Amino acid sequence: EMDEGKTIPHKVESSFHDSLLEQLGMLTMSDQDKRIAEQIVGSIDDDGYLRRETDSIVDDLAFRQNIQVTAMDIERIIRQIQHFDPPGIAARNLQECLLLQLYRKQVISEDPSIEWAIRMMEKYFEEFTKKHYEKIQKGLNLSDEDLRDAVGQIIRLNPKPGGNVGDTNKGETYVIPDFFIYNNGGK
């Protein structure tokens with residue numbers, strides 16, 4: 001007889017890929033698109049990035065599933081998957097990952113600092129990673145406060161939307177400073 005007091009433990013947190021497949025199940029799409037989408041989801045790394053080249057995914061589908069698609073088909077479906085949660089998912093690089101999160105924030109918030117953060121990530125990503133803030137500030141014509149608020153928006157984003165299970169020292173994954181020191185007339 002089963003002892004009801006002893007419940008069999010099962011993993012509560014469904015894996016990150018399962019969650020993506022669940023979200024995929026809620027979309028209305030053709031069978032072929034669904035198979036393409038499943039291939040893309042299967043190609044996403046544990047940290048949430050899609051590092052497999054679009055052309056390679058075209059080949060994967062052709063060889064493994066005998067599905068003939070173009071790179072444009074793949075891109076179209078990647079864009080759909082990029083609307084899934086967590087925000088930033090299926091990005092090809094850090095820049096795209098952060099931008100996806102900012103675009104999502106922009107939809108729900110009127111905060112102008114989000115707009116500045118987006119401009120910063122679109123036009124000055126390289127400078128940002130190298131901490132060339134003066135160049136960014138001049139280029140976007142930002143006040144000190146606007147610059148600080150925009151950078152604040154970016155720092156709060158998640159560089160690894162997949163959660164990267166088991167990665168304890170998150171701090172090391174950031175190329176983004178924790179704080180800024182401003183020299184305000186000697187203060």
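The values are calculated or read from the model by the stated rules, or taken from the named source; none is laboratory data. Remember, it's a predicted structure, so these values are computed and weren't measured experimentally. As a convention, Cβ positions derive from the backbone with ideal geometry for all residues, glycine included, and neighbour counts pool all protein chains shown. The area values use the complete protein model at the heavy-atom level, side chains included, leaving out ligands, DNA and RNA. Shrake-Rupley method; radii C 1.70, N 1.55, O 1.52, S 1.80 Å.
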(request) On the protein heavy atoms, probe 1.4 angstrom, tell me the percent of accessible surface of the range 1-155 carried by carbon and sulfur. (result) 50
(request) Determine, for each peptide in 83-94, 107-118, 48-59, the mean count of other beta carbons within 10 angstrom over its residues, then list the peptides with the highest first. (result) 83-94, 48-59, 107-118
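Which FRET efficiency value, to the nearest 0.05, is calculated for ASP85 and GLU53 with the Förster distance at 30 angstrom and r the Cβ-Cβ distance?
Working: r = 25 Å, r/R0 = 0.83.
FRET efficiency, ASP85 to GLU53: 0.75.
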(message) Under 15 Å from a point placed 7 Å out from the Cα of GLU75 along the Cα-to-Cβ direction: which residues of the range 32-65 have their backbone N that close?
(response) 53-58
(request) For the range 81-92, take each phi angle, set θ = phi - 60°, evaluate the Karplus expression 6.51 cos²θ - 1.76 cosθ + 1.60, and give the result in whole Hz per residue in order, putting x for glycine and proline. (result) 5, 5, 8, 6, 9, x, x, x, 5, 6, 6, 8
(message) At a threshold of 8 angstrom on Cα-Cα distance, excluding pairs fewer than six apart, so keeping six or more, what relative contact order does the range 43-130 reach in percent?
(response) 21
(request) Lys and Arg at +1, Asp and Glu at -1: add these up for the other residues within a Cβ distance under 14 Å of LEU24 and post the number. (result) -3
